[in-house]
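The structure appears below as structure tokens.
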Amino acid sequence: MKKNLSLFCAVSAVFILSCGGSSSSSSDVSTDDVSAISTALTGTLNDCMSETTPSTLEADDLVVIDGGSFTNAVNLEHSCPVDGHITASGNISGTWTDSYSGSYSSMITFQVSDPTNNLNDCEVRSGIILDGTIYLTLNGSYSGASNTYLATIIGTVGINRRGETGGLVMVASDCYISLRFTESGASGSICGHDVSS
């Protein structure tokens, strides 16, 4: 039975970020908010990582093909922890030299809010809603079960709370997100709060 080749079959791409001490932040964003934001973003990253394989080829086919390239369109929605979703769109391109080695790179946009209305905005905690666009770059190589990759998520989002009458109340208009992921762990900051794993 043929199975699709998965570059990350031997490596779990789940990152659990724990919030460290917070540096100065002009916003009213709590460490619980930061943890919920990181959960939503890393879940979307994991979904994108599943697209790093040449999806049109099956593992048995790669045995007889010596080299090639692929481009996978990424157009997916990742459900946020409470409600709404993050829409990821872009391309992942890669090459392989034989059945078990190759490389890939990408530039993917994470739309964390619904540009037409607030119905599908990403709600990461009860009442905490993200608004904006974040960018993911993902580069890596693999050889057999060994995977080396670098993923960065960078962008600025607004954070809102649901108001008493259903509208949105601004918590932070300029939450800067800068995260770096490797096979060894994750580091960076969300809204001035340091995060690491």
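Structure notes:
- Dividing the Cα radius of gyration of region 111-197 by 2.2 N^0.38 Å, with N the residue count, gives 1.33.
- Remark on region 27-196: hydrodynamic radius 17.0 angstrom, per the Kirkwood mean of 1/r across alpha carbon pairs.
- Residue ranges 104-110, 89-95 sort as 104-110, 89-95 when ordered by packing (mean number of other C-beta atoms within 10 Å per residue, highest first).
- Sorted peptide list for 154-162, 178-186, criterion being average Cβ within 10 angstrom, highest first: 154-162, 178-186
- Ordering of 33-43, 75-85, 166-176 by packing [mean C-beta count within 10 Å, highest first]: 33-43, 75-85, 166-176
No lab work stands behind these numbers, since they all come straight from the coordinates. Small disclaimer: the values here were computed from a predicted structure and weren't measured. Here Cβ is always computed from backbone atoms with ideal geometry, including for glycine, and neighbour counts include all displayed protein chains.
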